[in-house]
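Report on one structure; see the data block that follows.
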Amino acid sequence: GAVVSQHPSWVICKSGTSVKIECRSLDFQATTMFWYRQFPKQSLMLMATSNEGSKATYEQGVEKDKFLINHASLTLSTLTVTSAHPEDSSFYICSAMFDGETQYFGPGTRLLVL
Amino acid sequence: GQQVMQIPQYQHVQEGEDFTTYCNSSTTLSNIQWYKQRPGGHPVFLIQLVKSGEVKKQKRLTFQFGEAKKNSSLHITATQTTDVGTYFCAGHGNKLVFGAGTILRVKS
């Protein structure tokens, strides 16, 4: 149980385009979803926390207009990287929580911006 | 702000040797969690420690939470090649903050 999926698993896009990443909790309703970014051989950096039906809470230094988060339902959150640039290339991972304690991570999305 | 430091950054051991990674928080934690990330994979939850001085075991893995609830350790006894990966601690203060991770390589 507690499976989280992400789509797409990888994406290559041109600089200036926008990319949408979906995060779904498949067998539970997630009260809270989190979006992380991970650079190669580095730790996970929390970008934002989102609760269904309310605006996401962004961490300091994360541009909310750049990284749009929509938590449309208890099983779906989306992250849109707007006007992507090469420095946005990274591994984006979502996680979902239903018990207020344990985060279940998705498989991640590798984004490469050319 | 809340910081979580983890050492060592990297450890390469011979199969059968023990391995330990340490985690220290700048603030008192409500709980600490441990995750394992295999190369190319995503973090997988291993365990959560809540109580001061708590010790939990999962087969060859032993997790400890310090008395002051600011530090923790993960010890693997007799490592196997299947243990390779990066082990992250994540301290929960007012939010979950991940340590930098310890990369474990096991030579057979």
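The values are calculated or read from the model by the stated rules, or taken from the named source; none is laboratory data. The model shown is predicted, which means the values in this text are computed figures rather than measured ones. Positions of Cβ are generated from backbone atoms using ideal geometry, with glycine treated the same way; all protein chains shown enter the neighbour counts. Heavy atoms of the whole protein, side chains included, go into the accessibility calculation; ligands, DNA and RNA do not. Shrake-Rupley method; radii C 1.70, N 1.55, O 1.52, S 1.80 Å.
Residue by residue through B:25-37, how many Cβ atoms from other chains fall within 10 Å of the Cβ on average?
The shielding value for this peptide is 1.
Can you work out D for the range B:34-96 in µm² s⁻¹ from Stokes-Einstein, where Rh is the Kirkwood radius over C-alpha pairs, the temperature is 25 °C and the viscosity is 0.890 mPa s?
196 µm²/s
For the range B:16-81, run through the trypsin sites (Lys or Arg not before Pro) and keep only the ones in DSSP coil with at most 13 other Cβ atoms within 10 Å of their Cβ.
Here the trypsin sites (Lys or Arg not before Pro) that fit, given the DSSP loop and packing criteria, are B:LYS51, B:LYS59.
If you rank B:MET5, A:MET45, A:MET97 by how much accessible surface each has, with a 1.4 Å probe, what is the order from largest down?
If we order B:MET5, A:MET45, A:MET97 from most to least accessible, we get A:MET45, B:MET5, A:MET97.
How much net charge surrounds B:GLN2 when only the other residues with a Cβ under 14 Å from the Cβ of B:GLN2 are counted, with Lys and Arg +1 and Asp and Glu -1?
Taking every other residue near B:GLN2 into account, the sum is +2.
Please work out the Cα center distance from the range A:33-47 to the range A:67-114, rounded to the nearest Å.
Each part reduced to its Cα centre gives a spacing of 9 Å.
Identify unpaired cysteines across chain A, taking unpaired to mean no other cysteine Cβ lies under 4.7 Å from the residue's Cβ.
By the Cβ distance rule, which asks for a partner under 4.7 Å, the isolated cysteines are A:CYS13.
Shape verdict for the protein assembly as shown, please, from the Cα gyration tensor: rounded (a/c under 1.5), prolate (a/b greater than b/c) or oblate.
The shape class here is prolate.
For chain B, treating each Cα as an identical point scatterer without solvent, what Debye log10 I(q)/I(0) comes out at q = 0.11, 0.18 1/Å?
-0.30, -0.80
B:GLY16: net charge of surrounding residues, Cβ under 12 Å, Lys/Arg +1, Asp/Glu -1, itself excluded?
My count for the surroundings of B:GLY16 gives -2.
Do any of A:LYS55/B:LYS56; A:LYS14/A:LYS41; B:LYS69/B:LYS107; A:LYS41/A:LYS64; B:LYS57/B:LYS95; A:LYS14/B:LYS95 go past 27 Å between their Cα atoms, and which?
From A:LYS55/B:LYS56; A:LYS14/A:LYS41; B:LYS69/B:LYS107; A:LYS41/A:LYS64; B:LYS57/B:LYS95; A:LYS14/B:LYS95, over 27 Å: A:LYS55/B:LYS56; B:LYS69/B:LYS107; A:LYS14/B:LYS95.
Subtracting the Cα-Cα distance from 0.36 nm times the residue separation, let me have the gained length for A:PHE39 to A:ARG110 in nm, one decimal.
24.5 nm
Could you tell me what percent of the accessible area of chain B is made up of carbon and sulfur, with a 1.4 Å probe and every protein chain present?
50 percent
Determine which lysines satisfy two conditions relative to B:LYS59: a Cα distance under 19 Å, and not lying fewer than 8 residues away in the same chain.
Within the straight-line limit of under 19 Å, B:LYS59 reaches these lysines: B:LYS36.
Only Lys, Arg, Asp and Glu count, each charged at its Cβ (+1, +1, -1, -1), so figure out the dipole size of the range B:35-108 about its Cα centre, rounded to 20 debye.
Here the range B:35-108 has a charge dipole of around 100 debye.
Take B:HIS92, A:HIS85, A:HIS71 and sort them by solvent-accessible surface of the protein heavy atoms, 1.4 Å probe, largest at the top.
Most to least solvent-accessible, the answer reads A:HIS85, B:HIS92, A:HIS71.
Which residue, A:GLY16, A:GLY100, A:GLY61, has the most motion in a Gaussian network model of chain A that connects Cα atoms within less than 10 Å?
Result: A:GLY61 has the largest fluctuation of those listed.
If the reach is capped at under 14 angstrom between alpha carbons, list the aspartates and glutamates near B:LYS70, excluding any in the same chain fewer than eight residues apart.
Answer for B:LYS70, where 14 Å is the Cα cut-off: B:GLU54, listed by chain and number.
What is the ratio of the Cα radius of gyration of chain A to 2.2 N^0.38 Å, where N is its residue count, to two decimals?
0.99
Once the other residues with Cβ under 14 Å from the Cβ of A:ILE12 are scored (Lys, Arg +1; Asp, Glu -1), what is the net sum?
That sum, taken over residues with Cβ under 14 Å, equals +1.
I need the calculated FRET efficiency for the pair A:LYS14 and B:ILE47, taking r as the beta carbon distance and R₀ as 41 Å, to the nearest 0.05.
Computed FRET efficiency for A:LYS14 and B:ILE47 comes out at 0.45.
Using a 10 Å cut-off around each Cβ of peptide A:37-45, what is the average number of partner chain Cβ atoms that fall inside?
Average per residue, whole number: 5.
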